[in-house]
Structure formats: C-alpha cells, structure tokens
Amino acid sequence: MRFTAANEHGDAGIDANYEDRQHSTRDVLGVDTDNDGEVDSFFVQFNYLARNAVINGNALAMIARGVRTPADFTGIRSGSSLLLEIDDPDTLGVYRVALRTTTNDWDTVYTLTGSTAGVFPCNPTGALYVSVARVDSTNIESLFSIEKIILISATEEAGEEAAEKPIRLFQNRPNPFDESTWISFWVNEVPSYRQATIQVIDMGGKVIQELPVVLKQGMNEVMYTHGYGVRGAFQYVLLIDGKAVDARKMVFAN
C-alpha cells in the first residue's frame with residue numbers, strides 16, 4: 001500500500017538542479033536540524049498521514065462490503081438536461097451519478113433516490129462524461145462504473161456545434177496534463193480514406209508528434225504520452241489524408 005498526496009512534487013527530471021521531495025528507500029529516517037542530539041524532523045506530516053490512513057481504511061472497508069456496481073446505464077442529452085436510465089437488477093433504490101466535463105475530477109455528484117431514471121442539469125455543449133454507483137441501505141457506495149461519454153442529441157446546439165459534424169474532435173482529458181492524456185473524437189460515418197493521424201503541434205507551428213489512428217464508427221480514442229520536462233500550450237489536429245478536420249488546444253503542466 002502506498003500513501004500519496006493528491007498532487008505530488010517533482011517532475012522526474014534528470015538535470016543537475018533537479019529537486020524531488022518524494023520519499024524513497026534512499027531517504028534517511030530523520031534529521032537533527034538544531035544539533036541538540038535529538039532527531040526533530042522526520043520529513044513527514046504525521047497528522048496528514050494519519051488522516052490519509054483513516055480514509056484509505058474506510059475505503060477498503062466499503063469495498064469489502066461488496067456493494068455491486070450497476071450493470072449498465074444509458075443517457076441522452078437535450079439542451080442543458082441529461083436524461084439517465086440505470087440498468088440495475090438489484091434495484092436498491094439509491095444511486096450516485098457523477099458528471100464531469102474536461103476536469104480531472106467530477107464537476108458534480110447527484111443522488112438519485114427511489115427510481116432508476118432521472119433528469120439532471122448538465123453543460124449544454126462539449127463533452128460530458130458520466131459514471132454511476134449504487135448505494136446500499138447503510139449508505140455505502142459501490143465502485144463507480146466505467147465512464148461513458150454522452151453526446152448531445154438535441155438539434156439546438158449553438159454556433160459551430162449546431163451542425164451535425166461527420167467527425168468531431170473532443171477536448172483531451174485530463175487537461176492540463178503532466179505526462180499523458182487521452183485524445184477522443186467521434187465519427188458518425190467512416191469516410192473513404194487512406195491515412196488518418198492526430199498531429200500534436202506547439203504554438204510556434206512545429207510538429208511535435210504524429211499519432212496514426214484507424215477510424216471506426218462511434219467513439220475513437222488514442223493516448224498521447226508527452227513525457228516530462230516540457231511545459232506550455234499545444235494544439236492537436238485530426239488530419240485525414242493530409243486535410244485538417246478539426247483542432248483543439250491542450251496544456252502541458254507538471
């Protein structure tokens with residue numbers, strides 16, 4: 001078992017001035033900072049570590065109860081509303097519905113009670129990722145389901161999104177990112193093509209990397225690994241037979 005902070009320090013660099021405050025087996029147990037013969041610093045915030053241990057212990061106990069994740073769910077977006085229906089043979093009657101857009105964490109978690117179907121407010125445009133969990137009679141949650149991306153089904157999207165694009169590039173996730181990120185795009189109908197690539201370009205126009213992709217109907221995803229040591233904004237472009245179909249901006253920050 002490993003205890004960590006949510007956002008660790010250090011970028012795994014190798015230059016002479018690199019500093020990393022993560023602990024390893026090479027660390028000394030403690031240090032006498034005032035030379036009085038007593039070890040007075042252990043490089044650990046013990047109160048934080050104690051709280052972290054309690055949280056992890058509670059999480060393990062909840063998992064051990066074996067509350068099952070719902071079998072499946074379906075969702076439809078219309079304007080600023082998400083219509084969700086959960087497939088749950090156990091029908092415990094209480095569910096958590098987690099929504100996020102382009103953040104690493106959930107934007108909102110809703111509780112659905114007494115029904116397997118509900119309507120929830122959501123962003124009217126852009127990507128929406130949804131996952132669900134079941135809650136038992138003692139208020140213990142199951143593990144959350146695998147996320148699904150719910151596309152907009154209404155015909156009233158504003159601006160460029162109003163037209164049903166045959167291919168639509170989504171915002172990478174997570175963004176900003178610190179080593180690798182998922183790039184997703186939706187294909188309504190696979191066109192006739194010879195070559196398709198995701199091209200990553202810096203803000204000066206230099207091509208950093210090209211990722212070959214095979215187009216398939218529905219959701220397509222590719223992982224882009226940027227590595228460490230470089231910061232800034234980049235663009236990623238979907239090209240089909242050398243023609244740019246769609247482009248978005250992403251941020252690398254470690």
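Each reported figure results from applying straightforward, stated rules to the coordinates on display, with no laboratory input. None of the values given here were measured: they were computed from a predicted structure. We place every Cβ from the backbone using ideal geometry, glycine too, and count neighbours over all the protein chains shown.
Points worth noting:
- With a simple spin-label model that places each label point 7 Å from the Cα along the Cα-to-Cβ direction, the separation between THR108 and ASN188 comes to 2.7 nm.
- Ignoring lysines fewer than eight residues from LYS216 along the same chain, the ones with Cα atoms less than 27 angstrom from its Cα are LYS148, LYS165, LYS243, LYS249.
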